[in-house]
Amino acid sequence: MKIVNAGDLPASFFQYRDLPEAEGVKAIIAQVRDGGDGALKELTQRFDGAEVADFAVDGPTIEAAYRRVEKDTIAAIDAAAENLRLFAEAQRRQLADFSEEVRPGVQAGQRIMPIDRVGVYVPGGVFPLVSTLLMGVVPALVAGVPQISVCSPPGYAGEIHPVILVAAHRLGIKRVFRMGGAQAIAAFAYGTESIEAVDKIVGPGNKYVAQAKKEVFGRVGIDLIAGPTEVLILADEDADPEWLAADLLAQAEHDPEACALLVTTSPTLAEQVSGALANQLPRLKTAAIAGESLQHNGMIILAKDLGQAVELVNRKAPEHLEIQLKNPGEVLGRLRNYGSLFVGEYSAEVLGDYSAGINHTLPTNTTARYRGGLSVFDFVKVLTSLEVTGKGLREIGPVAEKLAEAEGLDAHRRAVAIRRGQQL
C-alpha cells in the first residue's frame, strides 16, 4: 500500500465521486412496473439463474434453513440482535411527543409516528450479509413499523441463503421474498401481484441496487445511497501495526472498490503497517479481493501533525473512523464528519459491523458531511400540529399577514385577515 504525504493529496481525494450510471436499470424498473410478477420472474431467471415459482418464502423452506445453520451461529444472531435492540431503544427514547404553548393561545406540538411499510434489502451475492438484515430490521421493529418486508437474491442454489432466512425468522419477519437486484427495488417501489409496495426501502446493494434506489426515490423513501465501503484509521506510534493492518484488511476484503486508509504522524508506524499488510494479506481466503482493493484504493497518509490529520479526516468524512492514539481526547472534540466512530485499540470497526449494537449501514463517499447512519430515526415521521385560539390569533395573526403581504400572496393575507374580522 502506497505511502503519501498529506500535503500531496489532490483535491479530488476529498470530493464526492459521481458514480457511473448502471446501464439498463431504468429499463428493468419499467419492466417490473408494467409487467409485475411475470417480469420479475423473467429478470430473476436472467440475473440470478433461478426459476422462482413463488417469491414469498414458506414455512418448510424456513425449517430446511434451520437444518443448515449451526446452533452457534443462531446464538450469535440472537446476541447481535439483542444488542442492536438495546441501542435502538435508547435512540427511540430520544424522540417524544409534545405540545408547547409558543405564544398565549398558540399550541404547537409533534407526534412521532412509525412509517407504515418498510422494505429491507439484504445483499446475498458473494457474501450472505446476515448482519445487514439485522441492521435494517431491528431499528424498524423498535420504531414500531407494522409491516416489514425483507428480500434477498436467490443465489444459494435457487434459494435465499439459509443464514438470512433463519435471521429473518428469529426477528419474527413473516414477509420474506426471493428477489434481488434492481428488479427487487422496483417490486418494492411499485408492487406486483404478489408483493405489496412499501413506503420506504433501506439496505445497501451493488451499483444496480444503488441506481435503482435513486430512480424510485420520491415514489418511496430511501435511507441512503451506499457506495464502496471505507475505513480511515487515525493512529500514532503507540498503536499496534499488526492490529492496524488487520483492520485495514477487514475493510479491503469487502470489495475491490473498498477504500482502506491510515493517517499517521509517524513515518516509522507507516513502514511497520506496510510490512504487516504484506505479511498478513497472503494468509487471507479473500486475498485476491483485499489485495486489489489495497492496490487501487488503499493509502497510508503521513500528516505533519495532529491538526493536519484532523482537518484531513473532517474533509474526507469517512464511513468508519478509528482513533488509535495514546491520547484520543486530543482530537475527539474536533472531529465532525464520520459515519461511525471507534475509539481505542480494542474498538475494532468489525465489532460495529456485527455485535456492538450500533448500525453498520452508514454514509459513504463523503456524505457523512450531512447525515449519519441508519437508525430508528429513519423509520419514523415527525408530525407537527397547531391549535390556535382567538387570543392566539391576535398574537400571531398580524405577523402572518405582514409576511404574506411581503411575499405578495394576497389570499394568504386574507385567510388571516378574515378571521380577525377585518374588512376585505
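The values are calculated or read from the model by the stated rules, or taken from the named source; none is laboratory data. Since this is a predicted model, take the numbers as computed values, not measurements. All Cβ positions, glycine included, derive from the backbone under ideal geometry; neighbour counts span all protein chains shown.
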Unique match (being within 30 Å of ALA288 (Cβ to Cβ) and hydrophobic (A, V, I, L, M, F, W, C)) among PHE98, PHE127: PHE127
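Need at least 1 residues that are closer than 30 Å to VAL145 by Cβ and of a type in the set (Asp, Glu) per element, so show me which strands (runs of 3 or more DSSP E) inside segment 307-424 make the cut, counting only ones lying wholly within it.
Those strands (runs of 3 or more DSSP E) span 380-388.
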Would you mind finding the one in ALA184, ALA168, ALA226 that is touching a helix residue (DSSP H, G or I) at 6+ places or on another chain (Cβ under 7 Å), of a type in the set (A, V, I, L, M, F, W, C) and modelled with pLDDT of 95 or more? ALA168
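Going by the structure shown, is ALA260 of a type in the set (Gly, Ala, Ser), part of a strand (DSSP E or B), at pLDDT 95 or above and closer than 26 Å to PHE14 by Cα?
Details: of a type in the set (Gly, Ala, Ser): yes; part of a strand (DSSP E or B): yes; at pLDDT 95 or above: yes; closer than 26 Å to PHE14 by Cα: yes.
Yes; evaluated as a whole, the condition is true for this residue.
Okay, residues lined up against (1) surrounded by 14 or more Cβ atoms within 10 Å (Cβ to Cβ); (2) under 21 Å from THR192 (Cβ atoms):
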| residue | (1), (2) |
| --- | --- |
| GLY38 | no, yes |
| LYS41 | yes, yes |
| PHE55 | yes, yes |
| ASP58 | no, yes |
| ALA64 | no, no |
| LYS71 | no, no |
| LEU84 | yes, no |
| GLY105 | yes, no |
| TYR121 | yes, yes |
Quick test for you: out of ARG283, ARG315, ARG334, pick the one residue that is under 20 Å from ALA226 (Cα atoms) and out of contact with any strand residue (DSSP E or B) (no Cβ under 7 Å at 6 or more places or on another chain). ARG315
I'm told ALA22 meets every condition in (1) surrounded by 12 or more Cβ atoms within 10 Å (Cβ to Cβ); (2) small (Gly, Ala, Ser); (3) more than 30 Å from ASN314 (Cα to Cα) except one. Can you identify the failing condition by its number? (3)
Condition check: outside the structural domain of HIS161 (by TED's automatic domain parsing), over 23 Å from TYR156 (Cα atoms) and either among the polar types (S, T, N, Q) or surrounded by 14 or more Cβ atoms within 10 Å (Cβ to Cβ) (or both). Does ILE3 satisfy that? yes
Since THR268 meets every condition but one in (1) under 15 Å from LEU234 (Cα atoms); (2) buried (at least 23 other Cβ atoms within 10 Å of the Cβ), which condition does it not meet? (2)
Does ASP236 fit the bill of being among the charged types (D, E, K, R), out of contact with any Ser or Thr (no Cβ under 7 Å at 6 or more places or on another chain) and in the same structural domain as SER293 (by TED's automatic domain parsing)? no
Please name all residue pairs, on different chains or six or more residues apart, with Cβ atoms under 7 Å, provided the first residue is in segment 32-48 and is touching a residue at least 24 places away in the same chain (Cβ under 8 Å) and the second residue is acidic (Asp, Glu). GLY36/GLU193; ASP37/GLU193
